[in-house]
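The values are calculated or read from the model by the stated rules, or taken from the named source; none is laboratory data. Note that the structure is predicted; figures quoted are calculated from it, not measured. Here Cβ is always computed from backbone atoms with ideal geometry, including for glycine, and neighbour counts include all displayed protein chains. The protein model used for the area step is the full one, side chains on, heavy atoms only, and it has no ligands, DNA or RNA in it. Shrake-Rupley method; radii C 1.70, N 1.55, O 1.52, S 1.80 Å.
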Amino acid sequence: MTTQRALVAGAGLMGHGIAQVLATTGRSVTLYVPVPTHAEAGRERIAGNLDRLVAKKRLTPEDRDDILARIRATDDLDDATADVDLVVEAVPEDVDVKKELWNELDRRVPEAAIFATNTSSISIDLLAASVGGPRRRRFVGMHFFSPVPVMPLVELIRGSATSDETEATVRGLAGELGKRVIVAADRPGFIVNRILMPFLAEAMRALESGVGTAEDIDTGAKVGLNHPMGPLELADFIGLDICLEIMGVLHEELGGPHFPPPKALVDLVEAGHLGQKTKQGFYSYPRS
């Protein structure tokens with residue numbers, strides 16, 4: 001199986017980062033979003049990332065230009081799917097949104113292509129049910145971590161129909177991207193978010209109940225647990241809407257007192273305060 005011509009569906013925080021690392025390893029990448037301005041904005045974010053690498057002398061101007069030349073943005077799904085052998089889906093963590101997109105992709109993408117979802121919590125089999133039976137052998141979970149060009153981990157999640165050849169191809173791809181692979185069973189939250197989200201939720205509940213200030217809770221984790229970032233700060237970085245979506249999946253699928261989304265999180269999201277991307281979450285940004 002080849003992975004040289006990639007389609008990345010979604011150009012947000014994860015999608016544009018995935019497109020960047022794919023293009024950096026010599027692959028041609030189509031960045032698809034159904035809104036023209038959003039698709040081009042994703043490519044512009046990649047250009048900004050590459051410019052910063054040039055400024056830090058980690059990339060030459062020539063290499064930057066070559067990488068950008070391998071990335072094109074489009075809002076036309078027929079155009080995006082014409083000639084690809086790898087599709088990476090990185091749209092919002094919403095079951096219905098993902099299933100509708102996979103159904104559309106299944107009707108357009110060449111049969112031999114690998115379908116990889118960047119879902120952080122949703123069942124691979126549930127999403128694979130949106131494509132035809134033969135295609136499910138090449139359907140797999142490939143969960144990157146943010147920021148994608150920096151974080152060296154990929155969770156590989158097989159569905160019940162995923163073939164050994166598909167797993168081997170995705171392992172090889174992740175290696176070429178400079179990522180270390182861990183394999184998770186197709187269970188809610190997989191490995192990392194199954195561990196992480198209850199931790200973040202408990203920090204939020206500690207804040208709700210007055211155990212400590214946000215700063216002291218985060219300092220406790222950074223200094224006392226040797227974490228590089230405190231849990232509330234990390235939630236703001238991930239995006240509070242994303243945290244809420246993942247916690248919702250865990251709570252629905254697993255139950256238990258440590259999975260329900262905390263009220264503090266729900267209130268912030270309902271108010272439109274989603275963390276760093278909206279300049280307001282558990283903290284205000286930029287922080288002084």
Got at least one residue in the stretch 146-162 being open to solvent by 30 Å² or more (accessible area, probe 1.4 Å) and among the acidic types (D, E)? no
Could you give me the residue pairs with C-beta distances under 9 Å whose first residue belongs to the stretch 205-217 and is touching a residue at least 60 places away in the same chain (Cβ under 8 Å), whose second residue is open to solvent by less than 60 Å² (accessible area, probe 1.4 Å) and assigned to a loop (DSSP other than H, G, I, E, B) wherever it lies, and which are 6+ apart or on separate chains? L207/P262; L207/F282; A214/G230; A214/F282; A214/Y283
Can you tell me which residues in the stretch 85-102 are of a type in the set (A, V, I, L, M, F, W, C) and either in contact with a strand residue (DSSP E or B) (Cβ under 8 Å, 6 or more places away or on another chain) or part of a loop (DSSP other than H, G, I, E, B) (or both)? L86, V87, V88, A90, V91, L101, W102
Within the stretch 147-201, can you find the residues that are among the β-branched types (V, I, T), more than 16 Å from V88 (Cα to Cα) and free of Cβ contacts under 8 Å to residues at least 40 places away in the same chain? V150, V181, I182, V183, I191, I195
Does any residue of the stretch 205-219 turn out to be more than 23 Å from G17 (Cβ to Cβ), open to solvent by less than 60 Å² (accessible area, probe 1.4 Å) and of a type in the set (V, I, T)? yes
When the stretch 172-204 is checked residue by residue, the ones that are among the small types (G, A, S), under 26 Å from D125 (Cβ atoms) and open to solvent by 30 Å² or more (accessible area, probe 1.4 Å) are G172, G175, A185
Every residue from the stretch 51-93 that is within 25 Å of F139 (Cα to Cα), among the acidic types (D, E) and out of contact with any Gly (no Cβ under 8 Å at 6 or more places or on another chain): D75, D76, D78, D79, D83, D85, E93
So A82 fits all but one of (1) in a helix (DSSP H, G or I); (2) closer than 20 Å to V109 by Cβ; (3) of a type in the set (A, V, I, L, M, F, W, C); what number is the exception? (1)
Kindly provide the set of residues from the stretch 232-268 that are closer than 13 Å to M204 by Cβ, among the β-branched types (V, I, T) and surrounded by 20 or more Cβ atoms within 10 Å (Cβ to Cβ), ordered by number. I238
Just checking, does the stretch 221-231 include any residue being out of contact with any helix residue (DSSP H, G or I) (no Cβ under 6 Å at 6 or more places or on another chain) and surrounded by 13 or more Cβ atoms within 10 Å (Cβ to Cβ)? yes
Only listed residue being touching a strand residue (DSSP E or B) at 6+ places or on another chain (Cβ under 7 Å), farther than 16 Å from D186 by Cβ and surrounded by 14 or more Cβ atoms within 10 Å (Cβ to Cβ), chosen from L127, L105: L105
Options V33, V95, V84: the member that is surrounded by fewer than 18 Cβ atoms within 10 Å (Cβ to Cβ) and either touching a residue at least 24 places away in the same chain (Cβ under 8 Å) or not hydrophobic (A, V, I, L, M, F, W, C) (or both): V95
Quickly run through the stretch 63-81 and pick out the residues that are closer than 19 Å to T2 by Cβ and either at pLDDT below 95 or open to solvent by less than 20 Å² (accessible area, probe 1.4 Å) (or both). I71, A80, T81
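Please pick out the residue among G26, G15, G10, G42 that is in contact with a His (Cβ under 6 Å, 6 or more places away or on another chain), open to solvent by less than 50 Å² (accessible area, probe 1.4 Å), in contact (Cβ under 8 Å) with a residue 24 or more places away in the chain and not basic (K, R). Give the steps one after another, and end with the answer.
Values: G26 fails: in contact with a His (Cβ under 6 Å, 6 or more places away or on another chain); G15 fails: in contact with a His (Cβ under 6 Å, 6 or more places away or on another chain); G10 fails: in contact with a His (Cβ under 6 Å, 6 or more places away or on another chain).
Within the list G26, G15, G10, G42, the selection yields G42.
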